[in-house]
């Protein structure tokens, strides 16, 4: 009977994790460049062995479920904004923070900060072959307007950046041999785990869309259907535990001597 309680509890742990993942996916359904998380079932044999051999640690160390990131592309929307950029194909934009730490992202909703640097929505610097991209620093002489500091920023399909028709290098578009080495650190940013490295893509392997954005790859309807199914399974597991608990109490009561 204890085994039945344990089995039901382990199943509810898996369902709870799935519900948390789905809830996060739905919350980020409108986040630019978001990649949905999914879960997979691990083998229950190790958990069963742990139950018999390592008393007291099965519930803590062996939840039979893990998560992974779905890197399939999201849909694309045309915005007409020169600082909205999408990668049509594989690869990631390379970002740097103030300390020089590198991040990879598919979120192309960039903007200009007060210093003229092109930055991501969360303040990281967009990197190119010449380092940070500063719009104001290139506006000199006839190209500089001290009142408006306006500039025409154009990015062609290969990722080459032009500010007022002057080339400023190419965007750093990078990729990895395996997406399993990427760890999600925010809704749209990733870092490389351990000592893994990325590779910079050559111009012929890059296809950039200026004025477009890649949306989240979350399908809200699918997520909602899965959430409803999981809630029903969770309720069923709860009833199993309640039934076994009542049966166990009755068995203990019958075994008492009066």
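The values are calculated or read from the model by the stated rules, or taken from the named source; none is laboratory data. Predicted model, so just to flag it, every value in this text is computed and none were measured. Counting neighbours? That spans all protein chains shown, and the Cβs are built from the backbone with ideal geometry, glycine included.
Please count how many residues of segment 17-42 are touching a strand residue (DSSP E or B) at 6+ places or on another chain (Cβ under 8 Å) and either in a loop (DSSP other than H, G, I, E, B) or under 20 Å from residue 75 (Cα atoms) (or both).
9
In segment 110-130, which residues are under 20 Å from residue 206 (Cα atoms) and surrounded by fewer than 19 Cβ atoms within 10 Å (Cβ to Cβ)?
Listed by number, the residues that qualify are 129, 130.
With the requirement that a residue be farther than 12 Å from residue 189 by Cβ and either surrounded by fewer than 17 Cβ atoms within 10 Å (Cβ to Cβ) or not assigned by TED's automatic domain parsing to the domain that holds residue 151 (or both), what does segment 91-109 give you? It would help to see each step written out before you state the result.
Here is the first cut: in segment 91-109, the ones farther than 12 Å from residue 189 by Cβ are 91, 98-100, 108-109.
Correct list: 98, 99, 100.
Is segment 116-128 home to any residue that is touching a helix residue (DSSP H, G or I) at 6+ places or on another chain (Cβ under 7 Å), modelled with pLDDT under 95 and not assigned by TED's automatic domain parsing to the domain that holds residue 28? Walk me through it before giving the result.
Quick first cut of segment 116-128, residues touching a helix residue (DSSP H, G or I) at 6+ places or on another chain (Cβ under 7 Å) only: 116.
In the following step, the residues that additionally are modelled with pLDDT under 95 were identified as 116.
From what's left, not assigned by TED's automatic domain parsing to the domain that holds residue 28: 116.
The answer is yes, given that some residue of segment 116-128 is touching a helix residue (DSSP H, G or I) at 6+ places or on another chain (Cβ under 7 Å), modelled with pLDDT under 95 and not assigned by TED's automatic domain parsing to the domain that holds residue 28.
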